[in-house]
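The values are calculated or read from the model by the stated rules, or taken from the named source; none is laboratory data. This is a predicted model, so every value here is computed, not measured. Cβ placement follows ideal geometry from the backbone for every residue including glycine, while neighbour counts extend to all protein chains displayed. SASA here: full protein model, heavy atoms, side chains in, ligands and nucleic acids out. Shrake-Rupley method; radii C 1.70, N 1.55, O 1.52, S 1.80 Å.
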Amino acid sequence: MATAQETTATRTLDLRVWRQEPGSEGQLVNYSVEVPPEGMVVDALFAVQAQIDPTCAFRVSCRAGICGSCAVRVDGRERLACQTPLSLVRDRVRIEPLRHLPVLRDLVVDLDPFFAKYGAIHPEFRPRPLVAPARITAAERGLVERAINCISCGACYSACDIVGLNPSFLGPAALARAWALVADERDADADARLHEAVGENGAWRCHNLGNCAVVCPKGVAPLLAIQALRRRALWRS
Amino acid sequence: MEELTFDILVIGSGGAGLMASVHALAANPTLEVGLVVKGLIGKSGCTRMVQGGYNAVLSPDDSKERHFEDTIKGGAYLNDQELAWTLVSRAPEVVQELEVKVGCFFDRNPDGSIHQKAFAGQSFDRTVHRADLTGIEIVSKLRDYLFGLPVRVLEEQRVLELLLGSSGQVAGAVLLDLRTGRISVARAKCVVVATGGPATMYKLATPSVEKSGDGVAMAIRAGLDCVDMEMLQFHPTGIIAGGSRLTGMILEEGLRGAGAHLRNGLGERFMARYDPERMERSTRDVVSRASFLEIQAGRGSPGHGVWLDASHLGADFVARSFPGMVERMALVGKDLTREPIEVTPTAHFHMGGVRIDTHCKTDISGLLVAGEDAGGVHGANRLGGNGVADSTVFGMVAGETAAELVADLPLADYDRVEAEGVAEAATRYLRAGSSPFRLREELNVLMWDHVGLVRDRGGLLHAAAELDRIEAELETVGVPGGRAYNPGWQEALNLENLITVAKLMVASALHRTESRGSHFRADYPERDDHHWLRRVVTRLREGEVQVTTEAVRFTRLAPGQVEALR
Ligand SMILES: Cc1cc2nc3c(=O)[nH]c(=O)nc-3n(C[C@H](O)[C@H](O)[C@H](O)COP(=O)(O)OP(=O)(O)OC[C@H]3O[C@@H](n4cnc5c(N)ncnc54)[C@H](O)[C@@H]3O)c2cc1C
Ligand code: SF4
Ligand code: FES
């Protein structure tokens, strides 16, 4: 039976994709591929893999904006490859890996440094002794709502110039997670976390450039979380 | 080969794998637990993709018995009733734990208590959720929780094969590091298999793309029995986005629960013909097949689908209740709040899988299976909201069982020659040859066309022959380009596993000469309770698929009892 995926029209797209073997220098390589007009950037990468070079490496899992595996730079801007419609990109588009992280191969970066910083703020919940789920109204919850949407894609980490200048800066995503816990009335360790989040490599290192908020695909606005952490720290001391 | 040693090796970081790790350590914090994941931890797998929510009995007006009845009725009485009972009776404690211990925050009622919404096929609104993207909340909080536990995470490593000891007990597994291409052995006293299902073998499918039925395939090769392999669920409301990979991803079930309508190309609410009582809120098997038959009869929408219309529910309500779905449709230029959307059935979830008992034990000592890799919980059709309940409940059970088992189990020795053999077999693809992606496309089309929503003997026999051909052609596949992060190589390995699982699915589907739940035979269109309150059991012996059947045991509810109650 004919299925929904059968398309008649395709569009020719000129891609310039970052290719890099482990242990060597990378470069942009040109590919011309046929893509479905309704496709996303990730469909163009799948097309390279299927039509030209099965070794072209990129990360993808959910292909629906849920897992945060596929962040790359499209014409210099951090985006989720699976959530960026090809209809919005030029006929000649450049695709590069995230910045500030070592390249493992092609578009795949080593996220370990990103997650090491994320781990440094102790992202694990430390509950107040509760026997049943807390009764919390939506209004009371407002403080955390934005920060909680983070899918740890690393886009903000790549877009942040301060991360580039100061490799020990914890970065936007880790601080947004810290805020989500500091503001969570169910968490038992708000003070200790706050201490870490505004410590030497924390919220005060941020220069309010705001790139994180611009590129975040989930509307997390890490900058607002960072500012909230600072305000909380100021009034606590 | 390099060797690592653990008490417990958990394979997969979906709901099942994460909960198994957490609960093994909760039972005994001194255990050495290894968690090996094909993708990024907490970022791969389907649990993270859960949209609609989690079925659990929380309200005093609801009851576990009711949840059980819904589950058995939904499963067309094929379920292993003791597994289904384990599911419904322990789901509430998991929701509680996720909130109180792990830090999830589910949506609330105005009075601050947990909100539960309506899902199809259920007699009570019992689906716990966070808006329409519930899995992110559950999996990312579980992943965060692991930062506080001494679990050794082996990320972007795929398990190639299970290793057994000389007396048939589990001894560990062979691992392939995707980043470097290095192959190693992880030894363990107990192994928990939780790699999720094989629905990605269909042309249109919902799951995350790295999944390829690896766990079930490895269990089959290790000689374990599988049950209900013919039972593959299609979700009725997959998105149509042309040639994009987004096609086949779903619009969540809560839309139908909330009252969205389905219409065919003629504008008729066609569910009136298939289930006049429940209409769009009928179970997935019924709605998917109805849509498929409408499309096949030429009454589809222009894009080979049917229309899902939520616009009459009010734009504000839809935007507030289904923000993720609205955003997803906006991406392809559609407004879910105001216009009908074209949808298609799409392969979603495998009810079949490895036979387990209520402790997640299998016939191999020390080898546990949990989540979508296990069969029997859902019978012939899974209810929406029971999937994530399954993976988290049985993940918890597997963790508890594992912690208990390793106290008595010795570390088994494995056969080094066998492990070398696994490595050699996997690396043989690193040669010049044809592209694995083309062959994968062939497999996916084959399964869609002949082992899909409507099956018959001729089509299934054709599929069986074609699977043999595709398997033979796999030997011409080659992916030069090095070991490190080589997606073509991974695809070749995925194909091997998908073919292994597909063979058992086809054999089971051929054997069941009736229609029940997700399994519909055009040549046997009726449900036949007289002959077929039996489950099909399949296994691999000397490369050949063996098929037997066994009677379902009605330990709690006999056929017809749910209907009689209502
Ligand atoms: C789009 C979508 C929406 C859904 N919505 C709902 C819903 O609303 N409600 C509901 O109840 N259910 C829903 N489900 C079903 C639900 O996700 C599953 O039932 C269940 O959560 C599967 O859990 P799991 O732990 O068994 O597997 P998964 O969560 O799929 O995890 C499998 C893990 O194993 C890893 N893995 C795979 N192969 C290997 C290997 N060889 N070596 C190492 N690791 C490996 C994967 O990378 C992944 O980490 C949905 C599923 C999808 C796809
Ligand atoms: S804050 Fe936004 S951009 Fe940064 S990791 Fe989270 S989701 Fe990605
Ligand atoms: S692949 Fe998951 S967010 Fe893009």
Principal axis dimensions, the range B:207-362 - Cα atoms, whole angstrom, descending: 52, 33, 30
Taking a label point 7 Å from the Cα of residue B:166 along the Cα→Cβ vector, which residues of the range B:394-427 have an amide N closer than 17 Å to it? B:410-419
Which is farthest toward the positive dipole end of chain A among A:113, A:228, A:82, measuring Cα position about the Cα centre, with Cβ charges +1 (Lys, Arg) and -1 (Asp, Glu)? A:228
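Could you tell me the calculated FRET efficiency between residue A:92 and residue B:296, based on Cβ-Cβ distance and R0 = 51 angstrom, to the nearest 0.05?
Efficiency for this residue pair is about 0.75.
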Separation in nanometres of the label points that stand 7 Å from Cα toward Cβ, at residue B:425 and residue A:128: 5.6 nm
Point-charge dipole on Cβ atoms (K/R +1, D/E -1) for chain B, about Cα centre, debye to 20: 820 debye
Positive end of the charge dipole of the range B:475-516 (Lys, Arg +1 and Asp, Glu -1 on Cβ, about the Cα centre): tell me which of B:513, B:489, B:501 has its Cα farthest that way. B:513
Dividing the Cα convex hull volume of chain B by residue count, how many Å³ per residue is that? 141 Å³
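At a Förster distance of 60 Å, what's the computed FRET efficiency of residue B:462 paired with residue A:237, Cβ-Cβ distance as r, to 0.05?
Efficiency at R0 = 60 Å is approximately 0.20.
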Name the residue farthest towards the positive end of the dipole of the protein assembly as shown from the options B:384, B:165, A:210, assuming +1 on Cβ of Lys and Arg, -1 on Cβ of Asp and Glu, about the Cα centre. A:210
Restricting everything to alpha-carbon atoms, can you work out Rg to Rh for the range A:112-236 with a Kirkwood hydrodynamic radius? 0.96
1/(1 + (r/R0)^6) with r = Cβ-Cβ of residue A:34 and residue A:168, R0 = 51 Å, i.e. FRET efficiency to nearest 0.05, evaluates to 0.65
Would you mind checking which residues have amide H under 5 Å from residue B:114's amide H? H placed 1.01 Å from N; only 5 or more apart, or other chain. B:109
Can you give the net charge of the other residues whose Cβ lies under 10 Å from the Cβ of residue B:158, counting K and R as +1 and D and E as -1? -3
Accessible area buried at the A-B interface, both sides summed, 1.4 Å probe (Å², nearest 100): 5600 Å²
Each residue of the range B:517-532 in turn: what ³J(HN,Hα) in whole Hz from Karplus with 6.51, -1.76, 1.60 and θ = phi - 60°, glycine and Pro shown as x? x, 6, 8, 10, 9, 4, 7, 9, x, 9, 6, 10, 5, 5, 9, 10
Report, in debye and to the nearest 20, how large the dipole of the protein assembly as shown comes out about its Cα centre when Lys and Arg carry +1 and Asp and Glu carry -1 on their Cβ. 1760 debye
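Please compute, over every Cα-Cα pair in the protein assembly as shown, the percentage with a separation greater than 40 angstrom.
30 percent
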Run through all the Cα pairs of the range B:447-566 and give the fraction in each 5 Å bin from 0, expressed as whole percent. 2, 9, 16, 17, 16, 12, 10, 7, 5, 3, 2, 1, 0
I want to check the label-to-label distance for residue B:441 and residue B:555. Put each point 7 Å from Cα in the C-beta direction and report it in nm to one decimal. 4.8 nm
Give me the number: length gained by fully extending residue A:192 to residue A:116, i.e. 0.36 nm times residue separation minus the C-alpha to C-alpha distance, one decimal in nm. 25.5 nm
How long are the three semi-axes of the equivalent ellipsoid for the range A:11-109, computed from the Cα gyration tensor as the root of 5 times each eigenvalue, in whole Å, largest first? 19, 16, 12
Rounding to the nearest 10 and keeping the result within 0 to 90°, find how far the Cα-based axis of helix B:436-450 lies from the longest principal axis of chain B. 40 degrees
How many angstrom lie between the C-alpha centres of the range A:94-158 and the range B:251-320? 37 Å
If each part is reduced to its alpha-carbon centroid, the range B:355-376 and the range B:1-31 end up apart, in Å, by 16 Å
I want to verify the translational diffusion coefficient of the range B:17-102 in µm²/s; compute it with Stokes-Einstein, Rh as the Kirkwood radius over Cα pairs, at 37 °C and 0.692 mPa s. 215 µm²/s
Helix B:64-74 versus the longest principal axis of chain B: what angle, 0 to 90°, nearest 10, using Cα atoms? 90 degrees
